[in-house]
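Following: one structure in C-alpha coordinates, then a few remarks.
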Amino acid sequence: MLPTLRRLLADPNLALTLRGDIDPAALDAPVEWVHSSDLVDPTPFLSADQVLLTTGTQFNVTTDADFLAYVQRLRHHGITALGFGTEVIRHGTPDALLAACQLLGLPLFEVPYRTPFIAVARVAGDLVAEDRFARATWALRAQRAIALAALRPDGLSATLAELSNQLGHWVALFDASGTLDRVFPAATFAAAPDTLRTVQQESRRLLARGQRSSSTVDVGGETLTLQTLGGHDHLRGVLALGGPRALDQASTEVVTSVIALAGLALEQNNALDRAQGLLRSGLMHTLLGGDQKLVDQISRQMWGALPEAPVLVAVVDAPALRRDAITEYLELRVEDSPGQLFFARQEDTVVLCLDRSAHGILSDLCALFQVHAGLSEPTEYRQLPRALNQGQQALARSRESAPGVTAFADVAQQGVLALLARTDAREVGLATLAPVLSYDLSHGTELLATLRVWLQSNGHFGATADQLGVHRHTVRTRIQQAEHLLARDLGSFPARADVWAALLATDSAA
(Lines give C-alpha, C1' and ligand atoms only; values in the text may rest on other atoms or scores of the structure.)
Protein backbone atom coordinates (compact mmCIF):
# COMPACT_ATOMS: atom_id res chain seq x y z
CA MET A 1 0.00 0.00 0.00
CA LEU A 2 1.12 3.57 -0.67
CA PRO A 3 1.98 5.91 2.22
CA THR A 4 -0.75 8.32 3.29
CA LEU A 5 -0.95 12.08 3.56
CA ARG A 6 -1.20 11.65 7.32
CA ARG A 7 2.25 10.01 7.44
CA LEU A 8 3.76 12.74 5.29
CA LEU A 9 2.36 15.50 7.49
CA ALA A 10 3.53 13.72 10.64
CA ASP A 11 7.23 13.93 9.75
CA PRO A 12 8.67 16.44 12.29
CA ASN A 13 11.63 17.39 10.10
CA LEU A 14 9.35 18.85 7.43
CA ALA A 15 7.32 21.03 9.80
CA LEU A 16 4.30 20.99 7.49
CA THR A 17 1.15 22.73 8.76
CA LEU A 18 -2.33 21.60 7.76
CA ARG A 19 -4.66 24.57 7.15
CA GLY A 20 -8.41 24.72 7.66
CA ASP A 21 -10.91 22.06 8.68
CA ILE A 22 -10.64 18.84 6.72
CA ASP A 23 -12.38 15.47 6.80
CA PRO A 24 -10.06 13.11 8.77
CA ALA A 25 -10.64 10.44 6.13
CA ALA A 26 -8.91 12.69 3.57
CA LEU A 27 -5.69 12.39 5.57
CA ASP A 28 -5.65 8.65 4.83
CA ALA A 29 -5.61 9.23 1.07
CA PRO A 30 -2.61 7.59 -0.65
CA VAL A 31 0.43 9.57 -1.78
CA GLU A 32 2.00 8.13 -4.93
CA TRP A 33 4.55 10.96 -5.36
CA VAL A 34 5.22 14.65 -4.69
CA HIS A 35 5.50 17.07 -7.63
CA SER A 36 6.08 20.84 -7.72
CA SER A 37 4.74 23.28 -10.30
CA ASP A 38 3.72 26.93 -10.55
CA LEU A 39 1.69 26.46 -13.74
CA VAL A 40 -1.87 27.70 -13.82
CA ASP A 41 -2.88 24.23 -15.04
CA PRO A 42 -0.27 21.60 -14.05
CA THR A 43 -2.67 18.64 -14.44
CA PRO A 44 -1.26 17.46 -17.82
CA PHE A 45 1.96 16.66 -15.96
CA LEU A 46 0.39 15.01 -12.91
CA SER A 47 -1.30 11.71 -12.11
CA ALA A 48 -3.89 10.78 -9.51
CA ASP A 49 -2.84 10.32 -5.88
CA GLN A 50 0.03 12.81 -6.16
CA VAL A 51 0.71 15.77 -3.87
CA LEU A 52 1.30 19.10 -5.64
CA LEU A 53 3.64 21.78 -4.20
CA THR A 54 3.55 25.39 -5.40
CA THR A 55 5.05 28.77 -4.41
CA GLY A 56 2.10 30.68 -5.90
CA THR A 57 3.84 32.69 -8.64
CA GLN A 58 0.84 31.90 -10.87
CA PHE A 59 -1.43 33.79 -8.46
CA ASN A 60 -0.05 37.34 -8.99
CA VAL A 61 -3.27 38.64 -10.52
CA THR A 62 -6.05 36.21 -9.65
CA THR A 63 -9.74 36.49 -8.74
CA ASP A 64 -11.68 34.25 -6.38
CA ALA A 65 -13.16 32.50 -9.43
CA ASP A 66 -9.66 31.77 -10.75
CA PHE A 67 -8.66 30.17 -7.42
CA LEU A 68 -11.83 28.05 -7.47
CA ALA A 69 -11.19 26.91 -11.06
CA TYR A 70 -7.57 26.05 -10.18
CA VAL A 71 -8.62 23.86 -7.22
CA GLN A 72 -11.41 22.26 -9.27
CA ARG A 73 -8.86 21.12 -11.86
CA LEU A 74 -6.71 19.54 -9.16
CA ARG A 75 -9.65 17.90 -7.46
CA HIS A 76 -11.05 16.51 -10.70
CA HIS A 77 -7.62 15.09 -11.57
CA GLY A 78 -7.44 13.14 -8.31
CA ILE A 79 -4.70 15.13 -6.59
CA THR A 80 -4.32 14.08 -2.95
CA ALA A 81 -3.34 17.45 -1.45
CA LEU A 82 -1.89 20.87 -2.24
CA GLY A 83 1.20 22.20 -0.44
CA PHE A 84 1.86 25.98 -0.47
CA GLY A 85 5.43 27.22 0.02
CA THR A 86 5.29 30.33 2.22
CA GLU A 87 7.73 33.22 2.45
CA VAL A 88 9.02 32.59 -1.09
CA ILE A 89 6.73 34.80 -3.15
CA ARG A 90 4.26 35.91 -0.50
CA HIS A 91 3.70 35.70 3.26
CA GLY A 92 1.23 32.99 4.07
CA THR A 93 -1.37 31.24 1.94
CA PRO A 94 -3.88 33.35 -0.05
CA ASP A 95 -7.24 33.39 1.73
CA ALA A 96 -9.11 32.78 -1.54
CA LEU A 97 -7.02 29.65 -2.22
CA LEU A 98 -7.70 28.32 1.27
CA ALA A 99 -11.43 29.05 0.85
CA ALA A 100 -11.53 27.19 -2.48
CA CYS A 101 -9.76 24.17 -0.96
CA GLN A 102 -12.16 24.17 1.98
CA LEU A 103 -15.17 24.38 -0.35
CA LEU A 104 -14.03 21.49 -2.58
CA GLY A 105 -12.54 19.30 0.18
CA LEU A 106 -8.92 19.38 -1.04
CA PRO A 107 -6.42 19.22 1.87
CA LEU A 108 -4.08 22.24 1.95
CA PHE A 109 -0.87 22.46 3.98
CA GLU A 110 1.88 25.08 4.27
CA VAL A 111 5.53 24.35 3.63
CA PRO A 112 7.81 26.70 5.66
CA TYR A 113 10.63 28.58 3.95
CA ARG A 114 13.27 26.46 5.70
CA THR A 115 11.87 23.27 4.16
CA PRO A 116 12.84 22.90 0.49
CA PHE A 117 10.37 21.16 -1.79
CA ILE A 118 12.96 18.52 -2.60
CA ALA A 119 12.99 17.53 1.08
CA VAL A 120 9.24 16.86 0.96
CA ALA A 121 9.64 14.84 -2.24
CA ARG A 122 12.54 12.87 -0.72
CA VAL A 123 10.55 11.95 2.40
CA ALA A 124 7.61 10.84 0.24
CA GLY A 125 9.96 8.79 -1.93
CA ASP A 126 11.48 7.16 1.16
CA LEU A 127 8.02 6.29 2.44
CA VAL A 128 7.06 4.77 -0.90
CA ALA A 129 10.28 2.74 -1.01
CA GLU A 130 9.82 1.65 2.60
CA ASP A 131 6.28 0.55 1.91
CA ARG A 132 7.23 -1.34 -1.24
CA PHE A 133 10.01 -3.15 0.60
CA ALA A 134 7.59 -4.03 3.41
CA ARG A 135 5.00 -5.33 0.92
CA ALA A 136 7.62 -7.33 -0.97
CA THR A 137 8.79 -8.86 2.32
CA TRP A 138 5.19 -9.64 3.25
CA ALA A 139 4.58 -11.26 -0.14
CA LEU A 140 7.57 -13.57 0.34
CA ARG A 141 6.39 -14.58 3.82
CA ALA A 142 2.83 -15.09 2.57
CA GLN A 143 3.94 -17.25 -0.35
CA ARG A 144 6.09 -19.35 1.98
CA ALA A 145 3.16 -19.86 4.37
CA ILE A 146 0.88 -20.79 1.45
CA ALA A 147 3.46 -23.22 0.06
CA LEU A 148 3.65 -24.96 3.45
CA ALA A 149 -0.15 -25.09 3.63
CA ALA A 150 -0.24 -26.79 0.23
CA LEU A 151 1.72 -29.72 1.72
CA ARG A 152 -1.06 -30.56 4.19
CA PRO A 153 -3.39 -33.53 3.56
CA ASP A 154 -6.17 -31.34 2.13
CA GLY A 155 -3.75 -29.05 0.33
CA LEU A 156 -6.28 -27.08 -1.69
CA SER A 157 -8.47 -26.13 1.29
CA ALA A 158 -5.43 -25.35 3.43
CA THR A 159 -4.01 -23.14 0.66
CA LEU A 160 -7.22 -21.14 0.27
CA ALA A 161 -7.63 -20.77 4.03
CA GLU A 162 -4.05 -19.45 4.33
CA LEU A 163 -4.62 -17.04 1.44
CA SER A 164 -7.69 -15.67 3.22
CA ASN A 165 -5.68 -15.26 6.42
CA GLN A 166 -2.78 -13.49 4.70
CA LEU A 167 -4.94 -11.07 2.68
CA GLY A 168 -7.59 -10.39 5.29
CA HIS A 169 -10.13 -11.15 2.53
CA TRP A 170 -12.66 -13.93 2.17
CA VAL A 171 -11.71 -16.51 -0.47
CA ALA A 172 -14.17 -18.78 -2.29
CA LEU A 173 -13.82 -21.56 -4.84
CA PHE A 174 -16.58 -22.25 -7.38
CA ASP A 175 -16.63 -25.49 -9.35
CA ALA A 176 -16.89 -25.90 -13.13
CA SER A 177 -20.66 -25.37 -13.02
CA GLY A 178 -20.36 -22.12 -11.06
CA THR A 179 -21.59 -23.71 -7.83
CA LEU A 180 -19.95 -22.73 -4.54
CA ASP A 181 -17.52 -25.49 -3.56
CA ARG A 182 -15.86 -24.02 -0.44
CA VAL A 183 -15.30 -20.64 1.19
CA PHE A 184 -12.99 -19.28 3.89
CA PRO A 185 -13.99 -18.13 6.47
CA ALA A 186 -16.78 -20.69 6.32
CA ALA A 187 -19.54 -18.31 7.46
CA THR A 188 -18.69 -15.60 4.90
CA PHE A 189 -21.93 -15.70 2.93
CA ALA A 190 -24.27 -16.58 5.82
CA ALA A 191 -25.08 -12.93 6.39
CA ALA A 192 -24.43 -11.81 2.80
CA PRO A 193 -26.66 -13.81 0.43
CA ASP A 194 -26.71 -10.96 -2.10
CA THR A 195 -22.92 -11.06 -2.36
CA LEU A 196 -22.99 -14.82 -2.90
CA ARG A 197 -25.62 -14.44 -5.61
CA THR A 198 -23.55 -11.75 -7.37
CA VAL A 199 -20.32 -13.77 -7.19
CA GLN A 200 -22.07 -16.90 -8.41
CA GLN A 201 -23.63 -15.11 -11.38
CA GLU A 202 -20.31 -13.56 -12.31
CA SER A 203 -18.55 -16.93 -11.96
CA ARG A 204 -21.02 -18.58 -14.31
CA ARG A 205 -20.67 -15.72 -16.78
CA LEU A 206 -16.88 -16.20 -16.88
CA LEU A 207 -17.21 -19.99 -17.20
CA ALA A 208 -19.77 -19.65 -20.01
CA ARG A 209 -17.17 -17.79 -22.08
CA GLY A 210 -15.12 -20.98 -22.17
CA GLN A 211 -11.73 -19.28 -21.91
CA ARG A 212 -9.40 -18.01 -19.21
CA SER A 213 -10.53 -14.63 -17.94
CA SER A 214 -10.90 -12.46 -14.86
CA SER A 215 -13.10 -9.64 -13.61
CA THR A 216 -13.42 -7.12 -10.79
CA VAL A 217 -16.78 -6.13 -9.34
CA ASP A 218 -17.70 -3.64 -6.61
CA VAL A 219 -20.57 -4.83 -4.41
CA GLY A 220 -21.73 -3.37 -1.11
CA GLY A 221 -18.46 -1.58 -0.38
CA GLU A 222 -16.37 -4.65 -1.24
CA THR A 223 -14.07 -5.12 -4.22
CA LEU A 224 -14.58 -8.63 -5.61
CA THR A 225 -11.88 -10.22 -7.76
CA LEU A 226 -12.60 -13.35 -9.82
CA GLN A 227 -10.21 -15.50 -11.88
CA THR A 228 -10.99 -18.68 -13.81
CA LEU A 229 -8.94 -21.80 -13.09
CA GLY A 230 -7.74 -24.34 -15.64
CA GLY A 231 -6.55 -24.26 -19.21
CA HIS A 232 -8.16 -22.89 -22.37
CA ASP A 233 -11.43 -24.73 -23.16
CA HIS A 234 -10.92 -26.82 -20.01
CA LEU A 235 -11.98 -24.50 -17.22
CA ARG A 236 -12.14 -26.19 -13.82
CA GLY A 237 -13.69 -23.45 -11.74
CA VAL A 238 -13.36 -19.89 -10.48
CA LEU A 239 -11.38 -18.44 -7.58
CA ALA A 240 -13.13 -15.44 -6.02
CA LEU A 241 -12.08 -13.16 -3.18
CA GLY A 242 -13.36 -9.96 -1.69
CA GLY A 243 -12.55 -7.34 0.89
CA PRO A 244 -12.87 -3.66 1.71
CA ARG A 245 -9.96 -2.67 -0.53
CA ALA A 246 -8.63 -3.60 -3.95
CA LEU A 247 -5.53 -5.79 -4.23
CA ASP A 248 -2.18 -4.04 -4.59
CA GLN A 249 0.71 -5.44 -6.62
CA ALA A 250 2.11 -7.55 -3.76
CA SER A 251 -1.29 -9.05 -2.98
CA THR A 252 -1.88 -9.75 -6.68
CA GLU A 253 1.42 -11.65 -6.88
CA VAL A 254 0.40 -13.81 -3.92
CA VAL A 255 -3.02 -14.49 -5.48
CA THR A 256 -1.37 -15.39 -8.78
CA SER A 257 0.75 -18.03 -7.04
CA VAL A 258 -2.37 -19.50 -5.41
CA ILE A 259 -4.16 -19.58 -8.77
CA ALA A 260 -1.29 -21.68 -10.13
CA LEU A 261 -1.45 -24.05 -7.13
CA ALA A 262 -5.24 -24.32 -7.25
CA GLY A 263 -5.21 -24.89 -11.01
CA LEU A 264 -2.66 -27.69 -10.60
CA ALA A 265 -4.71 -29.30 -7.83
CA LEU A 266 -7.88 -29.18 -9.92
CA GLU A 267 -6.08 -30.63 -12.95
CA GLN A 268 -4.87 -33.51 -10.79
CA ASN A 269 -8.40 -34.02 -9.53
CA ASN A 270 -9.64 -33.96 -13.11
CA ALA A 271 -7.18 -36.66 -14.13
CA LEU A 272 -8.55 -38.78 -11.30
CA ASP A 273 -12.11 -37.96 -12.42
CA ARG A 274 -11.32 -39.17 -15.94
CA ALA A 275 -10.09 -42.48 -14.55
CA GLN A 276 -13.20 -42.75 -12.41
CA GLY A 277 -15.27 -41.90 -15.47
CA LEU A 278 -13.87 -44.91 -17.33
CA LEU A 279 -14.64 -47.07 -14.30
CA ARG A 280 -18.18 -45.69 -14.17
CA SER A 281 -18.74 -46.46 -17.85
CA GLY A 282 -17.56 -50.02 -17.34
CA LEU A 283 -19.79 -50.46 -14.31
CA MET A 284 -22.81 -49.09 -16.19
CA HIS A 285 -22.17 -51.64 -18.96
CA THR A 286 -21.99 -54.36 -16.31
CA LEU A 287 -25.17 -53.09 -14.68
CA LEU A 288 -27.01 -53.21 -18.01
CA GLY A 289 -25.75 -56.76 -18.34
CA GLY A 290 -27.56 -57.68 -15.12
CA ASP A 291 -24.73 -57.99 -12.56
CA GLN A 292 -26.11 -55.55 -9.99
CA LYS A 293 -24.31 -57.20 -7.06
CA LEU A 294 -20.81 -56.64 -8.47
CA VAL A 295 -21.55 -53.04 -9.41
CA ASP A 296 -23.01 -52.28 -5.99
CA GLN A 297 -19.95 -53.74 -4.22
CA ILE A 298 -17.54 -51.56 -6.22
CA SER A 299 -19.75 -48.48 -6.01
CA ARG A 300 -19.97 -48.75 -2.21
CA GLN A 301 -16.17 -48.66 -1.97
CA MET A 302 -15.82 -45.74 -4.40
CA TRP A 303 -18.87 -43.47 -4.05
CA GLY A 304 -21.51 -45.13 -1.91
CA ALA A 305 -24.38 -47.55 -2.50
CA LEU A 306 -26.43 -47.61 -5.67
CA PRO A 307 -29.86 -45.95 -5.48
CA GLU A 308 -32.47 -48.37 -4.21
CA ALA A 309 -34.84 -49.86 -6.78
CA PRO A 310 -37.15 -48.98 -8.34
CA VAL A 311 -34.98 -46.28 -9.92
CA LEU A 312 -35.46 -43.67 -12.63
CA VAL A 313 -33.14 -43.78 -15.63
CA ALA A 314 -32.32 -40.47 -17.29
CA VAL A 315 -30.43 -39.90 -20.52
CA VAL A 316 -28.93 -36.40 -20.77
CA ASP A 317 -27.36 -34.66 -23.75
CA ALA A 318 -23.67 -33.92 -23.03
CA PRO A 319 -22.19 -31.56 -25.66
CA ALA A 320 -18.43 -31.93 -26.02
CA LEU A 321 -17.65 -28.42 -24.74
CA ARG A 322 -19.70 -28.95 -21.57
CA ARG A 323 -19.17 -32.67 -20.99
CA ASP A 324 -16.40 -32.28 -18.40
CA ALA A 325 -18.33 -29.60 -16.52
CA ILE A 326 -21.47 -31.78 -16.46
CA THR A 327 -19.46 -34.73 -15.17
CA GLU A 328 -17.80 -32.64 -12.46
CA TYR A 329 -21.19 -31.27 -11.41
CA LEU A 330 -22.59 -34.79 -11.07
CA GLU A 331 -19.53 -35.94 -9.10
CA LEU A 332 -20.25 -33.18 -6.58
CA ARG A 333 -23.90 -34.18 -6.39
CA VAL A 334 -22.86 -37.79 -5.68
CA GLU A 335 -20.79 -36.50 -2.75
CA ASP A 336 -23.64 -34.33 -1.50
CA SER A 337 -26.33 -37.01 -1.91
CA PRO A 338 -24.82 -40.49 -1.37
CA GLY A 339 -27.08 -43.33 -2.42
CA GLN A 340 -29.23 -41.02 -4.55
CA LEU A 341 -27.37 -41.09 -7.85
CA PHE A 342 -25.17 -43.24 -10.08
CA PHE A 343 -24.10 -42.02 -13.50
CA ALA A 344 -21.81 -42.78 -16.42
CA ARG A 345 -20.99 -41.40 -19.83
CA GLN A 346 -22.38 -43.17 -22.86
CA GLU A 347 -21.17 -41.75 -26.18
CA ASP A 348 -22.56 -38.19 -26.44
CA THR A 349 -24.87 -38.57 -23.45
CA VAL A 350 -24.69 -39.15 -19.72
CA VAL A 351 -26.89 -41.90 -18.24
CA LEU A 352 -28.17 -41.42 -14.69
CA CYS A 353 -29.73 -43.92 -12.30
CA LEU A 354 -31.70 -41.80 -9.84
CA ASP A 355 -33.53 -42.46 -6.62
CA ARG A 356 -37.16 -41.48 -7.16
CA SER A 357 -36.76 -38.65 -4.62
CA ALA A 358 -33.75 -37.21 -6.48
CA HIS A 359 -35.63 -35.93 -9.54
CA GLY A 360 -34.55 -32.39 -8.59
CA ILE A 361 -30.91 -33.21 -9.41
CA LEU A 362 -31.89 -33.82 -13.03
CA SER A 363 -34.01 -30.66 -13.27
CA ASP A 364 -31.21 -28.54 -11.80
CA LEU A 365 -28.70 -30.09 -14.21
CA CYS A 366 -30.81 -29.25 -17.26
CA ALA A 367 -31.50 -25.71 -16.05
CA LEU A 368 -27.85 -25.01 -15.23
CA PHE A 369 -26.33 -26.35 -18.45
CA GLN A 370 -29.33 -25.75 -20.74
CA VAL A 371 -29.45 -29.36 -21.99
CA HIS A 372 -32.19 -31.86 -22.86
CA ALA A 373 -32.97 -35.01 -20.89
CA GLY A 374 -35.31 -37.98 -21.16
CA LEU A 375 -36.60 -39.77 -18.05
CA SER A 376 -37.85 -43.36 -17.84
CA GLU A 377 -40.62 -44.79 -15.74
CA PRO A 378 -39.59 -46.33 -12.36
CA THR A 379 -37.87 -49.64 -12.98
CA GLU A 380 -36.05 -52.53 -11.32
CA TYR A 381 -32.37 -53.00 -12.13
CA ARG A 382 -33.08 -56.24 -14.03
CA GLN A 383 -35.16 -54.15 -16.49
CA LEU A 384 -32.52 -51.45 -16.87
CA PRO A 385 -32.02 -51.91 -20.67
CA ARG A 386 -35.76 -51.32 -21.21
CA ALA A 387 -35.66 -48.21 -18.99
CA LEU A 388 -32.60 -46.95 -20.88
CA ASN A 389 -34.52 -47.31 -24.13
CA GLN A 390 -37.41 -45.33 -22.61
CA GLY A 391 -35.00 -42.59 -21.56
CA GLN A 392 -33.53 -42.41 -25.05
CA GLN A 393 -36.99 -42.14 -26.65
CA ALA A 394 -37.97 -39.42 -24.18
CA LEU A 395 -34.71 -37.57 -24.92
CA ALA A 396 -35.51 -37.62 -28.64
CA ARG A 397 -38.87 -36.03 -27.87
CA SER A 398 -37.25 -33.52 -25.49
CA ARG A 399 -35.00 -32.23 -28.29
CA GLU A 400 -38.09 -31.00 -30.13
CA SER A 401 -38.64 -28.30 -27.50
CA ALA A 402 -36.70 -26.07 -25.11
CA PRO A 403 -33.99 -27.58 -22.87
CA GLY A 404 -35.45 -29.49 -19.95
CA VAL A 405 -36.71 -32.90 -18.85
CA THR A 406 -39.24 -34.95 -20.83
CA ALA A 407 -40.71 -38.00 -19.07
CA PHE A 408 -41.41 -41.18 -21.01
CA ALA A 409 -44.74 -41.42 -19.16
CA ASP A 410 -45.84 -38.20 -20.88
CA VAL A 411 -44.78 -39.57 -24.27
CA ALA A 412 -46.61 -42.84 -23.70
CA GLN A 413 -49.77 -41.00 -22.66
CA GLN A 414 -50.03 -39.53 -26.17
CA GLY A 415 -50.40 -43.00 -27.62
CA VAL A 416 -48.63 -45.03 -30.31
CA LEU A 417 -50.24 -43.26 -33.24
CA ALA A 418 -48.81 -39.91 -32.06
CA LEU A 419 -45.37 -41.22 -32.99
CA LEU A 420 -46.34 -41.42 -36.65
CA ALA A 421 -45.90 -37.68 -37.15
CA ARG A 422 -42.28 -38.06 -35.99
CA THR A 423 -41.25 -40.89 -38.33
CA ASP A 424 -40.85 -41.38 -42.06
CA ALA A 425 -44.56 -42.41 -42.27
CA ARG A 426 -45.42 -38.93 -43.57
CA GLU A 427 -44.60 -39.78 -47.19
CA VAL A 428 -46.62 -42.99 -46.95
CA GLY A 429 -49.52 -41.04 -45.46
CA LEU A 430 -49.39 -38.46 -48.25
CA ALA A 431 -49.43 -41.22 -50.86
CA THR A 432 -52.44 -42.83 -49.16
CA LEU A 433 -54.44 -39.59 -49.09
CA ALA A 434 -53.24 -38.29 -52.47
CA PRO A 435 -56.41 -39.18 -54.47
CA VAL A 436 -58.67 -37.31 -52.01
CA LEU A 437 -56.26 -34.35 -51.73
CA SER A 438 -56.06 -34.09 -55.52
CA TYR A 439 -59.85 -34.31 -55.96
CA ASP A 440 -60.46 -31.58 -53.33
CA LEU A 441 -57.90 -29.33 -54.98
CA SER A 442 -59.30 -29.69 -58.51
CA HIS A 443 -63.04 -29.64 -57.63
CA GLY A 444 -63.06 -27.30 -54.62
CA THR A 445 -64.69 -29.98 -52.43
CA GLU A 446 -64.11 -30.79 -48.74
CA LEU A 447 -63.91 -34.57 -48.82
CA LEU A 448 -60.80 -34.79 -46.63
CA ALA A 449 -62.19 -32.42 -43.97
CA THR A 450 -65.45 -34.37 -43.92
CA LEU A 451 -63.56 -37.66 -43.67
CA ARG A 452 -61.53 -36.36 -40.70
CA VAL A 453 -64.62 -35.22 -38.75
CA TRP A 454 -66.46 -38.46 -39.60
CA LEU A 455 -63.60 -40.59 -38.22
CA GLN A 456 -63.42 -38.40 -35.10
CA SER A 457 -67.19 -38.96 -34.66
CA ASN A 458 -66.73 -42.77 -34.78
CA GLY A 459 -68.45 -42.99 -38.19
CA HIS A 460 -71.75 -41.38 -37.07
CA PHE A 461 -73.26 -39.51 -40.01
CA GLY A 462 -75.65 -37.46 -37.90
CA ALA A 463 -72.99 -36.18 -35.49
CA THR A 464 -70.71 -35.36 -38.43
CA ALA A 465 -73.49 -33.46 -40.21
CA ASP A 466 -74.29 -31.45 -37.08
CA GLN A 467 -70.63 -30.48 -36.62
CA LEU A 468 -70.17 -29.50 -40.28
CA GLY A 469 -73.57 -27.82 -40.61
CA VAL A 470 -74.69 -29.92 -43.58
CA HIS A 471 -77.32 -32.61 -44.23
CA ARG A 472 -76.52 -36.19 -43.23
CA HIS A 473 -77.07 -37.34 -46.84
CA THR A 474 -74.36 -34.88 -47.93
CA VAL A 475 -71.98 -36.48 -45.43
CA ARG A 476 -72.90 -39.98 -46.63
CA THR A 477 -72.30 -38.98 -50.26
CA ARG A 478 -68.91 -37.47 -49.45
CA ILE A 479 -67.78 -40.54 -47.51
CA GLN A 480 -68.86 -42.84 -50.34
CA GLN A 481 -66.91 -40.67 -52.78
CA ALA A 482 -63.83 -40.80 -50.51
CA GLU A 483 -64.15 -44.61 -50.31
CA HIS A 484 -64.15 -44.78 -54.08
CA LEU A 485 -61.08 -42.53 -54.39
CA LEU A 486 -59.15 -44.36 -51.65
CA ALA A 487 -60.25 -47.80 -52.91
CA ARG A 488 -61.06 -48.81 -49.32
CA ASP A 489 -64.18 -50.02 -47.56
CA LEU A 490 -64.43 -47.56 -44.68
CA GLY A 491 -67.03 -49.73 -43.04
CA SER A 492 -64.21 -51.94 -41.73
CA PHE A 493 -62.07 -51.03 -38.70
CA PRO A 494 -58.66 -51.79 -40.37
CA ALA A 495 -59.47 -49.39 -43.25
CA ARG A 496 -60.58 -46.64 -40.89
CA ALA A 497 -57.46 -47.10 -38.69
CA ASP A 498 -55.22 -46.95 -41.76
CA VAL A 499 -56.75 -43.70 -42.99
CA TRP A 500 -56.64 -42.17 -39.49
CA ALA A 501 -52.96 -43.10 -39.21
CA ALA A 502 -52.34 -41.42 -42.57
CA LEU A 503 -54.05 -38.27 -41.32
CA LEU A 504 -51.84 -38.28 -38.19
CA ALA A 505 -48.65 -38.89 -40.15
CA THR A 506 -49.35 -35.90 -42.40
CA ASP A 507 -50.52 -33.67 -39.51
CA SER A 508 -53.85 -33.44 -41.32
CA ALA A 509 -55.74 -34.56 -38.22
CA ALA A 510 -54.39 -31.70 -36.12
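The values are calculated or read from the model by the stated rules, or taken from the named source; none is laboratory data. Keep in mind it's a predicted model, so treat the numbers as computed, not measured. Don't worry about glycine lacking a Cβ; one is built from the backbone with ideal geometry, like all the others, and counts go over all protein chains shown.
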Revision key, fill the gap. In region 349-362, residues that are exposed (fewer than 14 other Cβ atoms within 10 Å of the Cβ) and either of a type outside the set (Lys, Arg) or outside the structural domain of Pro385 (by TED's automatic domain parsing) (or both) total 2
Review point. So which residues in region 146-205 are polar (S, T, N, Q), touching an Asp or Glu at 6+ places or on another chain (Cβ under 8 Å) and in a helix (DSSP H, G or I), if there are any at all?
Key: Thr195
**Study point:** Where a residue in region 203-216 is touching a residue at least 40 places away in the same chain (Cβ under 8 Å) and closer than 13 Å to Arg322 by Cα and its partner, wherever it lies, is of a type in the set (D, E, K, R) and assigned to a strand (DSSP E or B), with Cβ under 8 Å and at least six apart
**Key:** none
Revision key, fill the gap. How many residues of region 465-489 are under 60 Å from the mean Cα position of the chain (by Cα) and closer than 16 Å to Tyr439 by Cβ? The answer is 2
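Looking at region 464-486, can you tell me whether even one residue there is closer than 20 Å to Glu427 by Cβ and modelled with pLDDT under 90?
Yes.
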Review point. Residues of region 287-306 being in contact (Cβ under 8 Å) with a residue 12 or more places away in the chain and within 24 Å of Arg386 (Cα to Cα), which ones?
Key: Leu287, Leu288, Gly290, Gln292, Val295, Ile298, Ser299, Ala305, Leu306
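Take the conditions under 21 Å from the mean Cα position of the chain (by Cα) and part of a helix (DSSP H, G or I) and apply them to Asp324. Does it pass?
yes
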Exercise for review: Could you check, for region 149-157, whether at least one of its residues is within 20 Å of Ile326 (Cα to Cα) and modelled with pLDDT under 85?
Suggested key: no
Check your understanding: Within region 376-386, can one find any residue that is on the phi > 0 side of the Ramachandran plot, surrounded by fewer than 19 Cβ atoms within 10 Å (Cβ to Cβ), in the same structural domain as Pro319 (by TED's automatic domain parsing) and part of a loop (DSSP other than H, G, I, E, B)?
Key -> no
Study note, to complete from the structure: Taking region 24-46 and keeping only residues that are among the small types (Gly, Ala, Ser) and in contact with a helix residue (DSSP H, G or I) (Cβ under 8 Å, 6 or more places away or on another chain), one is left with Ala26, Ala29, Ser36, Ser37
Exercise for review: Select from region 157-192 the residues that are within 17 Å of the chain's Cα centre (by Cα) and among the charged types (D, E, K, R) and write down the one among them that is farthest from Arg204 (Cα to Cα).
Suggested key: Arg182
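Would you be able to say whether some residue in region 365-380 is among the polar types (S, T, N, Q) and either within 23 Å of the chain's Cα centre (by Cα) or within 27 Å of Phe174 (Cβ to Cβ) (or both)? Spell out the reasoning first.
Keep residues of region 365-380 that are among the polar types (S, T, N, Q), which gives 370, 376, 379.
So of that shortlist, the ones also either within 23 Å of the chain's Cα centre (by Cα) or within 27 Å of Phe174 (Cβ to Cβ) (or both) come out as 370.
For region 365-380, residues among the polar types (S, T, N, Q) and either within 23 Å of the chain's Cα centre (by Cα) or within 27 Å of Phe174 (Cβ to Cβ) (or both): present.
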Practice item. Go through Thr43, Thr4 for me and flag whichever is under 48 Å from the mean Cα position of the chain (by Cα) and either of a type in the set (A, V, I, L, M) or closer than 21 Å to Tyr70 by Cα (or both). Key: Thr43
Revision key, fill the gap. If you go through Val334, Val350, the only one that is of a type outside the set (Ser, Thr, Tyr) and part of a strand (DSSP E or B) is Val350
Review point. Going by the conditions given, is Ala26 in contact (Cβ under 8 Å) with a residue 24 or more places away in the chain and within 12 Å of Pro107 (Cα to Cα)?
Key: yes
Exercise for review: Just one of (1) at pLDDT below 90; (2) part of a helix (DSSP H, G or I); (3) surrounded by 17 or more Cβ atoms within 10 Å (Cβ to Cβ); (4) under 28 Å from the mean Cα position of the chain (by Cα) trips up Arg345, so point out which.
Suggested key: (2)
**Study point:** Selection count where residues are out of contact with any Ser or Thr (no Cβ under 7 Å at 6 or more places or on another chain) and in contact (Cβ under 8 Å) with a residue 24 or more places away in the chain, scope region 115-129
**Key:** 9
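Okay, residues lined up against (1) assigned to a strand (DSSP E or B); (2) of a type in the set (S, T, N, Q); (3) at pLDDT 80 or above; (4) in the same structural domain as Val199 (by TED's automatic domain parsing):
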residue	(1), (2), (3), (4)
Asp218	yes, no, yes, yes
Gln227	yes, yes, yes, yes
Gly230	yes, no, no, yes
Val238	yes, no, yes, yes
Ala246	no, no, no, yes
Val254	no, no, yes, yes
Ala260	no, no, no, yes
Ala265	no, no, no, yes
